[in-house]
Amino acid sequence: MPMQMPLWLSVAEVNELTADHFKQQVCSYWNRLLIRGWMIRSFNNFMFYWTEVARLGLDLGQMLVAKLEATGAAVDAMNLS
């Protein structure tokens, strides 16, 4: 339901309504900035963790290849004896 405005307002009431309006606009502006900043930080954190998980996956892959090579060498050594 929309706000009901009286037909006549005093100058003091107009000043008060105007001041309240601009306070709300400033708060809204700062809230948008804070939300935008939070979104950017969240995205940066996501990218950091994504990069770290990708690096960890590569490291684990290399470790697995090294283990398989060592296992293959051990099996070959057992077959020669």
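For the pair Asn31 and Ala73 in one chain, pulling the backbone fully straight at 0.36 nm per residue adds 8.9 nm over the alpha carbon distance. For the chain, the spread of Cα positions along the three principal axes, ordered from largest to smallest, is 106, 23, 8 Å. The angle separating the long axis of helix 11-80 from the principal Cα axis of greatest extent in the chain is about 0 degrees.
In debye to the nearest 20, how big a dipole does the chain give about its Cα centre with +1 on each Lys and Arg Cβ and -1 on each Asp and Glu Cβ? Walk me through the numbers on the way to the answer.
Values: 6 positive and 7 negative charges, 21 e Å.
Value, rounded to 20: 100 debye.
Note on Asn44 and Lys23: the extension gain reaches 4.4 nm, defined as 0.36 nm multiplied by sequence separation minus the Cα-Cα distance.
Dividing the summed helix terms, -39500 (n - 2.57) for each DSSP H run of n ≥ 4, by the number of residues in the chain produces a 222 nm estimate of -33000 deg cm²/dmol to the nearest 500.
Readers should treat all values here as calculations from the given coordinates under stated rules, not as data from a laboratory. Here the structure is a predicted model, which means the values were calculated and not measured. Backbone-built Cβ (ideal geometry, glycine too); neighbour counts: all protein chains shown.
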